[in-house]
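Below is one structure, written out as structure tokens; the observations come after it.
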Amino acid sequence: MAEQSPATGLKDISIMRMSEHDLLEVVEIEEQSGLSRWGWAAYYAELQSGNRELMLVARPTRAATIQASPIAGYIVARETAGELHINNVAVRPEFRRRGIGAALLDQVIQEARLRKANTAFLEVRSANLAAQALYEKSGFRAIAHRANYYSEPREDAVVMSLVLG
């Protein structure tokens, strides 16, 4: 995978595969973003799976080395039986509204297409209108509603999908 996808249009951000060295920062971003808690162990276990290429981080390229830069955002997805399921997407508050979430999403969708996945799915909190707008810009459409899907706080989910093939 290239460090930066030309499709992202972001000159100061590099997208690369997540490694176990990134997990403390990933968990920190997860907590800052109010996502349903996965925690270090769940991300680590996912890194050991065959979906490692669908776990990406975005880093600013301004530091002396990219690995020394803080993680600006991340995405975790899984492909099974021709379906891509996007589990988590989060961007640090100070990096939001710069296209990083869209770039991460685009990169994972490209990888899923290479794997010949047919459809992408995700759930998003019903009150998270900013995330829903991001997904809609990427072509996702709401297809269902799941009552009380999330806990802490309890909230409904909107299920969204995108046809890939």
With Asn87 itself left out, Lys, Arg at +1 and Asp, Glu at -1 over residues whose Cβ is under 10 Å from its Cβ give -1
Per-residue Cβ neighbour rank within 10 angstrom, fewest leading, Ser14, Ser49: Ser49, Ser14
If you line up the long axis of helix 100-114 against the longest principal axis of the chain, both from Cα atoms, how many degrees apart are they, to the nearest 10? 80 degrees
Cβ-Cβ FRET estimate between Lys11 and Glu136, R0 fixed at 30 Å, reported to 0.05: 0.75
Within a Cβ distance under 11 Å of Glu28, other residues only, what is the Lys/Arg minus Asp/Glu net charge? -3
Computed from the beta carbon distance with a Förster radius of 25 Å, FRET efficiency for Glu31 and Lys116 to the nearest 0.05 stands at 0.10
Could you work out [θ]222 nm for the chain from helices alone, using -39500 (n - 2.57) per DSSP H run of at least four and dividing by all its residues? Round to the nearest 500 deg cm²/dmol. -8000 deg cm²/dmol
Gyration tensor over alpha-carbon atoms, the chain, equivalent ellipsoid semi-axes in Å: 23, 18, 16
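All of the numbers you see were taken from the coordinates with simple rules; none came from a lab. The shown structure was predicted, so the numbers you read here are calculated from the model rather than taken from an experiment. A quick note on method: Cβ atoms are made from the backbone with ideal geometry, for glycine too, and the neighbour counts reach across all protein chains shown.
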